[in-house]
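Asks: Take this structure, written in C-alpha cells, and hold onto it; I'll ask about it next.
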Amino acid sequence: MTELLERLSSGDEVYKPDNATMSVATVKDYESVYRESVKDPQKFWSDRAKELDWFKPWDKVLDWNYPWAKWFVNGKFNICHNALDRHVKNGLGGKIAFYWVGEQGDKKQITYSQLLTEVRKFSNVLKKLGVGKGDKVTVYMPRIFQQIITLLACARIGAVHSVVYSGFSSGALKERIVAAGSKVIVTADGGFYKGKITELKKIADEIKGECPTVEHVVVVRHANSFTEFTRGDLDWDELMREAKDDCECEVMDSEDPLFILYTSGTTGKPKGVLHVQGGYAVGVYTTVKWVFDMKQEDVFWCTADAGWITGHSYIVYGPLLNGATSVIYEGAPTTPDPGRFWSIIEDLKVTIFYTAPTAIRLLMKSGDKWPAKYNLSSLRLLGTVGEPINPEAWLWYRKVTGEKPIMDTWWQTETGMTMITPMPCVPLKPGSATKPFPGIIADIVDEKGNAVPINKGGYLVIRNPWPSMMRTVYNDPDRYLKYWNTIPNVYMAGDVAHSDKDGYFWIMGRSDDVIKVSGYRLGSAEIESALVSHPSVAESAVIGKPDAVRGEVIKVFVILREGQTPSEELKEALKKHVRTEIGPIAIPSEIEFVTWLPKTRSGKIMRRVLKAKELGLPVGDTSTLED
Ligand code: WTA
C-alpha cells in the first residue's frame, strides 16, 4: 500500500488503455493528433465544424482581436437544428434521446422526433408570449424533459436562456433574473430531491414582483404540489395543447448569444458568462465525440443538473449534437439507498458514466457492497468533473466499475467544454486530468506569465482562443477582460496546478476566493454579502475548508453588531438566512463568532490568512496586513 501511495504521489502509477477501449477509440494516438492540431488550430476546428450543418458556411474561421474572439465569422447556424432536426432528417427520429428516471423510480423516455415536436410547440408558445431573438428567458426547473425542451426552444427561436439551478433560493434567483432582464420565467410547481419537494414556483412567487422585466411565468405541473396561479402565471400543459407543431429554426449568426449562465467569482455579484451558438456547438460536439468516444449504440449518463455548465454542455447540447441516447435522473445519489446510481446503470445499460468526485467519495463511504449488488458490465468509459479527484477515490471508482478508463475532465463555465482531459487512448494517472484537448495550448506560469519548472505549482493558463470560450461577461466586459489581462496575453483560469515529467497536468484547486462545495461553485464574497444582510452581522469572512467527502465545506467568521450576543440560536438563524438568500448549497458548515478579522491596510479581508490559521499552515506574506 505504501508503495502504491508513493507511486501515486510521484505520478509513476500509469494505466495504459486496454484493448477493448482502443478497438473502438475514435482517436487512437493522442500525441500525433495533438501535435497536428496546435500547428494550425484554425484548421483543426474548422474540420470539426464541417461535421455540423450550416445554413451558410463561415467566411473566416477566427477573428482574434485579443482578447475578443469571433469564431466561424458570418456563418449561419442554429444549434437546435443540429441537435434535433438534423438527426430526424437523417433517419434517427425513432432513436431515444433521453431516458428519465424519477427519484421515486418512475420512468419515461423521449425519442428525437418526439423531442423535436415538443420543442417546436414550445417555440411557438414562446413566440406567442412575445419572446423573440435576443430576449432573455430564465429557466428555474427541476431535471425534467420540459427543462431541456425549454432550452432547445429558446435556441431554436434565438432567445437567450439563463438557467438558474433549482437549488438556489429566492435571493439568488431574483438577482439573476434582474441581471439578465428576463422577459419570461419558466418554472415548475416543484422538483424532487432526497424525498422532499422543492416548491420552485412558490420561491419564484416570492420575488416575481421585484423583477420588473418579467411579463409571464410558465409553470409545469410536475410535483403535484398545490400551486396557486396568479396574474401572469400560465400553465405549460394548456399552452402546449393549443400550440402548433411547426416552427422553423431561426437562422442565427454563429456569434449570436445562445445562453447566459451566472457563475460565482471573486466579488459578491455573480457573473453572466455568455456563450454563442456556433463556436459553443463545435466545442461541445467535438469533446463528447472524442473524450467520451460517443457511438450510436452508447447510453450516456452525466449525473449533473442542467442548472450548471456541466448539464448545459454534457446533458443537453453535446450529447444531442452527437445523436446520443442520454439518461436524466431527477434525484439524489443515495435515495432511497446508496445503490441508486448503480441500479440505474444496470437497468438502462449505461455505457458511459460521468459524475463528480464528491458523489464518488460519498458512494465509496457507503462501501463496496452497493456497486457489487448490480451488474455494471455495460459500462465501458467513466468520467469525472468539477473538482480534483483524490487518487483513492479514483482507484475505487475504477475498481468497482470493472477497471474502466476514467476521463478526469478539467474545465469551467467560462470554457464551455472540457479543456484538460484524457481521451480513451491516453494513458491515465490517478488524480491527473492528463493533457490538453487538441487545439488547446495550456501552460502553468508564475504571476508574470513565465512558465514554471515541472513539479512546481503555478497558475493554470490557456495561451490561445478556442471556439467554445465565453465571449464576454454579460453587461460587464471589464470582468471579461480580467481573465485575459491579469497575466498578459493568456487566459487565466483561476486554478493552481503543476505538471510532471511526462507533461501531465495536476490541478490543485482555486487560486482565488471561489469555493467548490460538493462540486458546486460558490464565491466567498457572495456568501459574505448574504451574511452581512442579516441585521445581527457587522462583518463576515468566508473560507473553504477541506472536507473528505464534499471536497470543501464553508466556514464563516462573523463579527456581530453592537449589542448582539453570540449564541447557538443565532448560528441557526444565520444558516437559515444564507439558505434563503442563496440556497441550501451555500449553508455554512461552521460559524465562528470573532471580534477581529485580518485585513489589509486598504480594508480588504485577508481570507488567505484566515484559511492558513484554520488549517494550521504558515500564513505566508503578511506585509500588507494592517497592524
Ligand atoms: C474546478 C465545472 C480539478 C476548477 C465544469 C475549475 C476541477 C472550476 C476539475 C470550474 C477537474 C473542474 N479537476 N478541478 N477535473 N473540473 N474543476 O465553472 O477549480 O462550475 O476552475 O465548471 O471547477 O467550475 P465550474
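The values are calculated or read from the model by the stated rules, or taken from the named source; none is laboratory data. Keep in mind the model is a prediction, meaning the values are calculated, not measured. A quick note on method: Cβ atoms are made from the backbone with ideal geometry, for glycine too, and the neighbour counts reach across all protein chains shown.
Asks: If the requirement is being modelled with pLDDT under 95 and touching a Pro at 6+ places or on another chain (Cβ under 8 Å), which of these qualifies: Leu8, Leu62?
Replies: Result: Leu8 is the single residue among Leu8, Leu62 that is modelled with pLDDT under 95 and touching a Pro at 6+ places or on another chain (Cβ under 8 Å).
Asks: Every residue in segment 497-506 that is more than 19 Å from Thr418 (Cβ to Cβ) and within 14 Å of the ligand (Cβ to nearest atom), please. Quick ask: steps written out before the conclusion?
Replies: Quick first cut of segment 497-506, residues more than 19 Å from Thr418 (Cβ to Cβ) only: 498, 500-502.
Within segment 497-506, His498 is the sole residue that qualifies.
Asks: Can I ask one more? Do we find that Glu414 is touching a residue at least 24 places away in the same chain (Cβ under 8 Å), under 20 Å from the mean Cα position of the chain (by Cα), outside any strand (DSSP E or B) and closer than 24 Å to Thr351 by Cα in this structure? Outline the logic, then answer.
Replies: Values: touching a residue at least 24 places away in the same chain (Cβ under 8 Å): yes; under 20 Å from the mean Cα position of the chain (by Cα): yes; outside any strand (DSSP E or B): yes; closer than 24 Å to Thr351 by Cα: no.
Criteria not met by Glu414.
Asks: Need the failing condition index for Phe192 against (1) surrounded by 19 or more Cβ atoms within 10 Å (Cβ to Cβ); (2) in contact with a Lys or Arg (Cβ under 8 Å, 6 or more places away or on another chain), just the number.
Replies: (2)
This table checks each residue for (1) at pLDDT 95 or above; (2) touching a Cys at 6+ places or on another chain (Cβ under 8 Å); (3) surrounded by fewer than 21 Cβ atoms within 10 Å (Cβ to Cβ).
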site: Glu51; (1), (2), (3): yes, no, yes
site: Lys56; (1), (2), (3): yes, no, yes
site: Lys70; (1), (2), (3): yes, no, no
site: Asn74; (1), (2), (3): yes, no, yes
site: Arg86; (1), (2), (3): yes, no, yes
site: Gly93; (1), (2), (3): yes, no, yes
site: Gly105; (1), (2), (3): no, no, yes
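Asks: Please work out if Leu381 is more than 30 Å from Asp53 (Cα to Cα) and of a type outside the set (Asp, Glu).
Replies: No; evaluated as a whole, the condition is false for this residue.
Asks: Please return the ranges of helices (runs of 4 or more DSSP H) entirely within segment 333-395 where 2 or more residues are within 19 Å of Lys107 (Cα to Cα) and touching a residue at least 60 places away in the same chain (Cβ under 8 Å).
Replies: 340-348
Asks: Would you check if there is a residue in segment 485-506 being crowded, with 22+ Cβ neighbours inside 10 Å, in contact with a strand residue (DSSP E or B) (Cβ under 9 Å, 6 or more places away or on another chain) and part of a loop (DSSP other than H, G, I, E, B)?
Replies: yes
Asks: Quickly run through segment 396-410 and pick out the residues that are touching a residue at least 60 places away in the same chain (Cβ under 8 Å) and either of a type in the set (Gly, Ala, Ser) or within 11 Å of the ligand (Cβ to nearest atom) (or both).
Replies: Met407, Thr409, Trp410 - these are the residues of segment 396-410 that are touching a residue at least 60 places away in the same chain (Cβ under 8 Å) and either of a type in the set (Gly, Ala, Ser) or within 11 Å of the ligand (Cβ to nearest atom) (or both).
Asks: Within segment 584-600, is there a residue that is modelled with pLDDT under 95, crowded, with 16+ Cβ neighbours inside 10 Å and in a strand (DSSP E or B)?
Replies: Checked against the condition, which is being modelled with pLDDT under 95, crowded, with 16+ Cβ neighbours inside 10 Å and in a strand (DSSP E or B), segment 584-600 yields at least one hit.
Asks: Looking at (1) of a type outside the set (Val, Ile, Thr); (2) touching a helix residue (DSSP H, G or I) at 6+ places or on another chain (Cβ under 8 Å); (3) in a strand (DSSP E or B); (4) surrounded by fewer than 18 Cβ atoms within 10 Å (Cβ to Cβ), can you tell me which one Gln564 breaks?
Replies: Single failed check for Gln564: (3).
Asks: Please count how many residues of segment 507-534 are assigned to a strand (DSSP E or B) and more than 9 Å from the ligand (Cβ to nearest atom).
Replies: 4
Asks: For segment 440-458, check the following and say yes or no: at least one residue is crowded, with 22+ Cβ neighbours inside 10 Å and either within 12 Å of the ligand (Cβ to nearest atom) or under 18 Å from the mean Cα position of the chain (by Cα) (or both).
Replies: For segment 440-458, residues crowded, with 22+ Cβ neighbours inside 10 Å and either within 12 Å of the ligand (Cβ to nearest atom) or under 18 Å from the mean Cα position of the chain (by Cα) (or both): absent.
Asks: Find all pairs meeting these conditions: Cβ atoms under 7 angstrom apart; at least six residues apart or on different chains; first residue within segment 542-563 and under 11 Å from Leu610 (Cα atoms); second residue assigned to a loop (DSSP other than H, G, I, E, B) and small (Gly, Ala, Ser).
Replies: Lys555/Ser589
Asks: Test Pro618 against the stated conditions and say whether it is farther than 27 Å from Gly386 by Cβ and in contact with a helix residue (DSSP H, G or I) (Cβ under 6 Å, 6 or more places away or on another chain).
Replies: It is false that Pro618 is farther than 27 Å from Gly386 by Cβ and in contact with a helix residue (DSSP H, G or I) (Cβ under 6 Å, 6 or more places away or on another chain).
Asks: While we're on this one: Given the options Tyr165, Tyr66, Tyr99, name the one that is closer than 25 Å to Ile207 by Cβ, surrounded by fewer than 24 Cβ atoms within 10 Å (Cβ to Cβ) and touching a Phe, Trp or Tyr at 6+ places or on another chain (Cβ under 9 Å).
Replies: From the options Tyr165, Tyr66, Tyr99, the qualifying one is Tyr165.
Asks: Next question, about the same structure. Within segment 202-238, can you find the residues that are touching a residue at least 60 places away in the same chain (Cβ under 8 Å), within 17 Å of Ala153 (Cα to Cα) and touching a Phe, Trp or Tyr at 6+ places or on another chain (Cβ under 8 Å)?
Replies: The answer is Val218, Val220.
Asks: Out of all the residues in segment 351-395, which are among the basic types (Lys, Arg), more than 16 Å from the ligand (Cβ to nearest atom) and within 24 Å of Val291 (Cα to Cα)? If you could, list the steps in order and put the result at the bottom.
Replies: Just the residues of segment 351-395 that are among the basic types (Lys, Arg), to begin with: 361, 365, 369, 373, 380.
Then keep just the ones that are more than 16 Å from the ligand (Cβ to nearest atom); that gives 365, 369, 373, 380.
The one that is among the basic types (Lys, Arg), more than 16 Å from the ligand (Cβ to nearest atom) and within 24 Å of Val291 (Cα to Cα): Arg380.
Asks: With the requirement that a residue be hydrophobic (A, V, I, L, M, F, W, C) and in a helix (DSSP H, G or I), what does segment 198-242 give you?
Replies: Leu200, Ile203, Ala204, Ile207, Trp236, Leu239, Met240
Asks: So, one more: Based on this model, can you work out whether Lys555 counts as crowded, with 19+ Cβ neighbours inside 10 Å and in contact with a strand residue (DSSP E or B) (Cβ under 8 Å, 6 or more places away or on another chain)?
Replies: yes
Asks: Taking segment 141-174 only, how many residues are under 16 Å from Ile309 (Cβ atoms), touching a helix residue (DSSP H, G or I) at 6+ places or on another chain (Cβ under 6 Å) and assigned to a helix (DSSP H, G or I)?
Replies: So the answer is 3.
Asks: Please list, ordered by first then second residue, the pairs with beta carbon atoms under 7 Å, 6 or more apart or interchain, first in segment 515-535 and touching a residue at least 40 places away in the same chain (Cβ under 8 Å) and under 15 Å from Lys575 (Cβ atoms), second within 11 Å of the ligand (Cβ to nearest atom) and among the hydroxyl-bearing types (Ser, Thr, Tyr).
Replies: Leu522/Ser264
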